[in-house]
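Visitor: Here it is, the structure, as structure tokens.
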Ligand code: ME8
């Protein structure tokens, strides 16, 4: 039985349409999910929308509609975005679903049963935009200036009756967790930040609100709704059928990876494990806080007028191109920048001119000069060296992807593509056509084997183009996994069946940049 792998993204606030950051996270999670499937893992990939809280309630009020209507409309845009970007999730969780209310209330009851919840009065700062409480010491401004959170969002003084969670009780257990499981928070820079924060001491956390009612009701305390982060984090359990802890749940929980952005690492690595410990549930294996995507180095905002619709980018440059660019350009974990020029430059240099051109050249020559026939051939030293370089590139890609170093993995893969291009130039099969047609055939068939492996290896990043190439090469759907890499048996089988290669058509088009942006 294949080993299960459960990956989640953050669930997005559907108070507007998805932006490029949402697309980035969804694509990265999809690349990981596809890579794990390629390794033969049984994958479950969950994403969704975070529909409660003050931010949603205020946005709906501004629009003069009910929060549920806003959530219904906007969550559809997130579903559509996933489909448009070829993000193949298994579960899309919406927190307004009745089963999610049940799951959140059960988590609450368990925390209460552990003696970790008590009623008190909250007095302090709250940022609606971050849906977060802040300590006075974390704020900037004051003395006539506006008070701002560490993320630069406005905060308001809040006084209300509230349930509290005994977070302070968990500080030592959390520090032990970070020490004993350095892989729990990644990358290391984020782990260090969280450790400093917890070492500074933890205050109990206000976990309910009474000043509005758009949320999950606190069991037995009807005038309270849960703090939106309590219910939001619970989504990772709801999707597995919690509170029913039988088959589905025990198969997938604990999650292998919560993939989230750097701004919400604290919620996932301090609050969430503490809630789970309190409720007696296992902890996720890893939380990875990726960096932020910036538009020409700047944060996108409505006031700067630089907000990009990710679907426009995908339509303009192609879904696979956008996916490739995002995974290649940005060192995963760090912030990255994008612009139309950068996308076009990267896609043309690597996908169109290097890899696409290689595939197109080789397939056309096999089609024209060998009537599309694959035959057995004797390998020379140069052929063995090329195939070894390709194997090494593909296995480096797999090792780097395993560690979520996508950019480094693709770079190693690109080196193998360059090796193929150098080999084709050296061997010059077009010149062999007259002088040594047998050797021309061997060169092309060796390249054919190389291309098959390179295409399988990069397929998590560019799934549609890879499928097109693999269809063209005649690779059966069940043989497109990592186990197949370097397997000459498959090639021999193809030779034996004698099935010819069809007329090739380009899978990676060259892009043009409109003059005004060049
Ligand atoms: O935080 N670049 O939702 P959200 C990269 N509902 N990632 C970005 C980004 C950017 N410019 N901007 C945002 C929430 N993100 C909560 C999560 S999870 C139980 C609840 C990332 O819609 C952000 O870091 O504000 C987060 O991981 C995700 O997009 C959703 O952000």
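Coordinate-derived values only; no laboratory data. In this text, all values refer to a predicted model and were calculated from it rather than measured experimentally. Cβ: placed from backbone, ideal geometry, glycine included. Neighbour counts: every protein chain shown.
Visitor: Using a 7 Å offset from the Cα along the Cα-to-Cβ direction at both residue 3 and residue 438, what is the distance between the two label points in nm, to one decimal?
Guide: Going by the 7 Å Cα→Cβ label model, 4.7 nm.
Visitor: Could you work out the percent of alpha carbon pairs in segment 364-470 separated by over 16 Å, rounded to a whole number?
Guide: The answer is 59 percent, as a whole percent.
Visitor: How far is helix 188-199 tilted, in degrees, relative to the longest principal axis of the Cα atoms in the chain, given as a value from 0 to 90 rounded to the nearest 10?
Guide: So the helix axis and the longest Cα principal axis differ by about 10 degrees.
Visitor: Return the percentage of antiparallel bridges among DSSP beta bridges fully within the chain, rounded to the nearest 5 %.
Guide: 50
Visitor: Another one. Could you give me the percent of Cα pairs per 5 Å distance bin for segment 184-242, shortest bin first, beginning at zero and ending with the bin that holds the maximum distance?
Guide: Pairs per bin, as whole percents: 4, 15, 15, 15, 19, 14, 13, 4, 1.
Visitor: So what are the three principal axis dimensions of segment 82-200 from its Cα atoms, in whole Å, longest to shortest?
Guide: Projected onto its principal axes, the Cα set of segment 82-200 covers 50, 37, 36 Å.
Visitor: Between residue 376 and residue 415, what length comes free when the chain is fully extended (0.36 nm per residue of separation minus the Cα-Cα distance, one decimal in nm)?
Guide: 11.4 nm
Visitor: What's the ranking of 56-63, 461-468 by average number of surrounding C-beta atoms within 10 Å, highest first?
Guide: Highest to lowest by the protection proxy: 461-468, 56-63.
Visitor: What is the distance, in nm, between label points placed 7 Å from the Cα along the Cα-to-Cβ direction at residue 308 and at residue 512?
Guide: My value for the distance between the label points is 2.1 nm.
Visitor: Evaluate E = 1/(1 + (r/R0)^6) for residue 140 and residue 481, where r is the Cβ-Cβ distance and R0 equals 60 Å; express this FRET efficiency to the nearest 0.05.
Guide: 0.75
Visitor: Please compute, for the alpha-carbon atoms of the chain, the extent along each of the three principal axes and give them in descending order in Å.
Guide: If we take the Cα atoms of the chain, the spans are 89, 55, 40 Å.
Visitor: Taking the chain as the reference, fit the longest principal axis to its C-alpha atoms, fit the long axis of helix 54-63 to the helix C-alpha atoms, and give the angle between the two in degrees, 0 to 90, nearest 10.
Guide: Helix 54-63 sits roughly 80 degrees off the main axis of the chain.
Visitor: While we're on this one: Looking only at Cα atoms, what is the convex hull volume of segment 7-129 per residue, in Å³?
Guide: Normalising the Cα hull of segment 7-129 by residue number yields 150 Å³.
Visitor: Now for a different question. Using only Cα atoms, tell me the angle between helix 228-238 and the longest principal axis of the chain; keep it within 0 to 90° and round to the nearest 10.
Guide: Roughly 50 degrees, rounded to the nearest 10.
Visitor: Another one. Ignoring everything except DSSP H segments at least 4 long, calculate the 222 nm mean residue ellipticity for the chain; use -39,500 (n - 2.57) per segment, divide by total residues, nearest 500.
Guide: -15000 deg cm²/dmol
Visitor: Right, another one. For a protection proxy built on the mean count of beta-carbon atoms within 10 angstrom, sort 502-512, 312-322, 138-148 highest first, please.
Guide: Going by the mean number of other Cβ atoms within 10 Å, highest first, we get 312-322, 502-512, 138-148.
Visitor: Please work out how much length the chain gains when fully extended from residue 222 to residue 123, using 0.36 nm per residue of separation minus the C-alpha to C-alpha distance, in nm with one decimal.
Guide: Taking 0.36 nm per residue and subtracting the Cα distance, the gain is 33.5 nm.
Visitor: How large is the Rg to Rh ratio of segment 411-518 when both quantities use alpha carbon positions and Rh follows Kirkwood?
Guide: Radius of gyration over Kirkwood radius for segment 411-518 works out to 1.02.
Visitor: Express in whole angstrom the spacing between the alpha-carbon centres of segment 194-221 and segment 482-511.
Guide: Cα centres, segment 194-221 to segment 482-511: 56 Å.
Visitor: Another question, then. According to the Kirkwood expression over distinct Cα-Cα pairs, how big is the hydrodynamic radius of segment 1-79, in Å?
Guide: It is 13.9 Å.
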